[in-house]
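Notes follow the structure.
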Amino acid sequence: TGNTKHVIVSVKLANGILSGTILDITERKQLEERNKKYELELIEAMEKAMESEKLKTAFLANMSNEILTPMNTIMGFSDLLNNPDLPDDKLLHFSEQINTSSNTLVNLIDNIIDIAKVESGEVRIKLSECKINHLLLDLYACFDNEIKEKGKDKVYLRLKRASKDKDFAILSEPYRLKRIMSNILKNAVNYTDSGKIEFGYSILDGESDGKATSQGQMLQFFVMDKGKGIPKE
């Protein structure tokens, strides 16, 4: 490497005369080193590709189960609605279950589409004003209700906001930010049987004075719970 030379020295003694040859193999050694480097890079790329395929397979298997649950609910309650003698309260309950499962199914399909877009490089971020306190309060209302519907009496939800200003805003993509927080909160609710689920944001490198978009300040969003958690991979 660098100015290093690789040579083969051959020496022989004949009739009292010492002679020898020097063969410069620097280019051959450099070629061998490059080939070895490319081989290692190829092996690493193949390992990453195999790991990616394993993750995709696991994701699709899990997603299949996730899709079947709301689908079975929709089909089951739709069949029950065919009963002409169904009381009004049952009719309302079954309709609500179908609506909830339909929304769940739509969210799952949206997630699959988003992942496909990420894989193909088609995701385009469109920044706009995002009033995060409004966004997080909506999430709080949604998941507080979901906890009650699941009958998880030992689980309670807590929202922590660094700024209490209702119009506190940042430049982001509200739809995707809400989707990300919603997915993590859903995981927390599903795998927490007791204790506190706390979510919100804090302002780093600055005070909560409503200037989170100024230079040198960042927001840190978080979801904390005592549940199973999301695997590191």
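Assorted remarks:
- Within the stretch 129-145, the set of residues being over 22 Å from the mean Cα position of the chain (by Cα) and among the acidic types (Asp, Glu) comprises Glu129, Asp144.
- Any pair with Cβ under 6 angstrom, 6 or more apart, that starts in the stretch 50-68 at a residue that is assigned by TED's automatic domain parsing to the domain that holds Asn107 and ends at one that is at pLDDT 75 or above: Glu66/Leu108; Ile67/Leu108
- Filter result for the condition that a residue is at pLDDT 75 or above, under 26 Å from Ile112 (Cβ atoms) and surrounded by 10 or more Cβ atoms within 10 Å (Cβ to Cβ), over Glu44, Glu32, Glu51, Glu39: Glu51
- Residue within the stretch 96-113 that is closer than 25 Å to Tyr175 by Cβ and in contact with an Asp or Glu (Cβ under 7 Å, 6 or more places away or on another chain) present: yes
- Residues of the stretch 12-42 satisfying the condition of being assigned to a helix (DSSP H, G or I) and either at positive phi or in contact with a His (Cβ under 7 Å, 6 or more places away or on another chain) (or both): Thr26, Lys29
- Candidates Lys178, Lys232, Lys228, filtered to the one that is at pLDDT 85 or above and either more than 25 Å from Glu129 (Cα to Cα) or under 24 Å from the mean Cα position of the chain (by Cα) (or both): Lys178
- Residue satisfying condition, being outside the structural domain of Tyr201 (by TED's automatic domain parsing), at pLDDT 85 or above and closer than 17 Å to Ser182 by Cβ, within set Ser95, Ser102: Ser102
- For the stretch 71-87, the criterion of being modelled with pLDDT under 80, in the same structural domain as Asn107 (by TED's automatic domain parsing), under 30 Å from Leu105 (Cα atoms) and charged (D, E, K, R) is met by no residue.
- Checking Lys126 against (1) exposed (fewer than 11 other Cβ atoms within 10 Å of the Cβ); (2) modelled with pLDDT of 85 or more, the condition it does not meet: (2)
- In this structure, Ala45 does not satisfy being under 19 Å from the mean Cα position of the chain (by Cα), among the small types (Gly, Ala, Ser) and assigned to a helix (DSSP H, G or I).
- Residue match in the stretch 120-142 (condition: among the polar types (S, T, N, Q), under 22 Å from Thr69 (Cα atoms) and out of contact with any Lys or Arg (no Cβ under 8 Å at 6 or more places or on another chain)): no
The values are calculated or read from the model by the stated rules, or taken from the named source; none is laboratory data. Everything numeric in this text was worked out from a predicted model, so none of it was measured. Positions of Cβ are backbone-derived with ideal geometry, glycine not excepted, and every protein chain shown enters the neighbour counts.
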